[in-house]
Amino acid sequence: MKIKIIALVILAHASIAWAKPTNVNYHQIKVNKGENASLLFQKYLLNTNSCNLDIFIKINELKNPEKLHAGSMYKIPVKIYDFDGKSIRSTLNISDYDLAKKIENYNLQLLEKKIRKSHYKESKILWVPEEYISCESTVETSQENATPLQEKKDTNNKNEGLPNDMESGATLFKNKGIKEIKVPLMGKRYENVWIEDFSLENQVFYIISGHGGPDPGAMCTDCNETMCEDEYAYDVALRLARNLMQHGATVHMVVEDDNDGIRDGKFLSCDKDEKLLGKDDIPINQKLRLQQRASAVNQLYRKYKKLGVKSQKAIEIHVDSRSSDQRQDVFFYYNKHAKGGKQLAENVQEVFETKYGMHQKGRGYQGYVEDRGIYMIRNLLPTTLFVELANIRNTKDQERLIYHTNRQALANWLFEGLRKK
């Protein structure tokens, strides 16, 4: 019997209220031969997503951002502010401490890479990526009242409205005599999934690996080999899905990469061939991607709810990017307005705290649980948990990602937390 699994990629950002400071311009650079927008973004530690690309096209009035003229000056999506000599928050008229630290880290990273010649406090010039303003706040606020993409009508009434793509998966575990199932998405080595018990029967999980398709997410380009956030989040997501299935859960991963599967290598190759629901192209437009993904999960949620399923959870997995000298323990976001959201986050965090105490003696654990108004957390109907695994630019944190035994441990600990009551 064949099971169909689907996976979902997410971009998630926090809402920000910005003042309108004066004397703000974009940083300008001279382009070298062979450089394009993607290479410029990587050089200046900017995400190579469609939002940044749209800004780059607009501020330079371009038709083709991949064909730039060597020797010409171009604006990049980094705004230049006059630093007030007091703080980043007072300069930008913001109250968000985490955001201020993120901007500070960005400036320090550029100083470390010798792109900036002096500290912002010394030069009185502050660099702020436009994506921190537009790609995060605009996407979040503009989507709040947006109408989701029209959901596909289920014209197949078989099995009382079960999702067509999941008929076998949704009904599979009604037969408790099953001992093993084959899931090709897991890859040749892991496709045979042994069913240990049915303790998670009648529970539905949506495993959401961050980014994917046209957006690799956070990247480490100065590592031994390039590391892309979406590949490591996807590998942990597959391992978690497999764990859940071994205990009778119905699992959806809503973005598939048919040729990756679970991988045991250190450096996972970056690609852009992931598909939504295993068949639909992922839009390059960030707003459409958010709508598409929320609609996909919520459509499935409503169908399972009609069937009487009472336990449905979504787990979104990401990898962060901060200053290379900043270690970051696994931490969690939830929606305080969602029933059970905080408890779910605390359950998982408690497992990680215990495991750190057992395996990282003397180091301590600094992971935390926090309510955040991230778009996908607010707009998904299942109880949702948002997970940040590591800082992709920190060499110690990278060990948490590049060793497959560590990726499996992350999946195991997430699994233990999800099944806690």
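Summary table below
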{"item": "Selection from region 385-407 of residues that are more than 15 Å from TYR234 (Cβ to Cβ), in a loop (DSSP other than H, G, I, E, B) and open to solvent by less than 30 Å² (accessible area, probe 1.4 Å)", "result": "ARG393, ASN394"}
{"item": "Any strands (runs of 3 or more DSSP E) falling wholly within region 298-384 and containing at least 2 residues that are more than 25 Å from TYR132 (Cβ to Cβ) and touching a residue at least 24 places away in the same chain (Cβ under 8 Å)", "result": "311-320"}
{"item": "Candidate set: region 78-106, residues that are modelled with pLDDT under 90 and aliphatic (A, V, I, L, M); chosen: the one nearest to TYR132 (Cα to Cα)", "result": "LEU99"}
{"item": "Region 270-296, residues that are at pLDDT below 80, of a type outside the set (A, V, I, L, M) and open to solvent by 40 Å² or more (accessible area, probe 1.4 Å)", "result": "LYS279, ASN285, LYS287"}
{"item": "Which listed residue is over 29 Å from the mean Cα position of the chain (by Cα), within 30 Å of LYS305 (Cα to Cα) and either at pLDDT 90 or above or open to solvent by 10 Å² or more (accessible area, probe 1.4 Å) (or both), from LYS182, LYS176", "result": "LYS176"}
{"item": "Residue match in region 234-256 (condition: part of a loop (DSSP other than H, G, I, E, B) and free of Cβ contacts under 8 Å to residues at least 40 places away in the same chain)", "result": "no"}
{"item": "Any chance SER311 is touching a Pro at 6+ places or on another chain (Cβ under 6 Å), under 23 Å from ASP371 (Cα atoms) and surrounded by fewer than 22 Cβ atoms within 10 Å (Cβ to Cβ)", "result": "no"}
{"item": "Flag if LYS86 is assigned to a loop (DSSP other than H, G, I, E, B), over 18 Å from TYR26 (Cα atoms) and open to solvent by 20 Å² or more (accessible area, probe 1.4 Å)", "result": "yes"}
{"item": "Hey, THR395 touching a residue at least 40 places away in the same chain (Cβ under 8 Å) and over 30 Å from GLU112 (Cα atoms) or not", "result": "no"}
{"item": "Residue within region 125-135 that is charged (D, E, K, R), touching a helix residue (DSSP H, G or I) at 6+ places or on another chain (Cβ under 6 Å) and outside any loop (DSSP other than H, G, I, E, B) present", "result": "yes"}
{"item": "Flag for ILE262 being aliphatic (A, V, I, L, M), in a loop (DSSP other than H, G, I, E, B) and within 26 Å of LEU401 (Cβ to Cβ)", "result": "yes"}
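Yes or no, residue by residue, for (1) open to solvent by 50 Å² or more (accessible area, probe 1.4 Å); (2) hydrophobic (A, V, I, L, M, F, W, C); (3) out of contact with any Leu (no Cβ under 6 Å at 6 or more places or on another chain):
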| position | (1), (2), (3) |
| --- | --- |
| ILE195 | no, yes, yes |
| SER199 | yes, no, yes |
| TYR206 | no, no, yes |
| ASP215 | no, no, yes |
| THR221 | yes, no, yes |
| ASN224 | yes, no, yes |
| CYS228 | no, yes, yes |
| ALA233 | no, yes, yes |
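The values are calculated or read from the model by the stated rules, or taken from the named source; none is laboratory data. Fair warning: this is a prediction, and the values are worked out from it, not measured in the lab. Quick reminder, even Gly has a Cβ in these numbers, built from the backbone with ideal geometry, and neighbours come from all protein chains shown. The accessibility values were calculated without ligands, DNA or RNA, using every heavy atom of the protein model including side chains. Shrake-Rupley method; radii C 1.70, N 1.55, O 1.52, S 1.80 Å.
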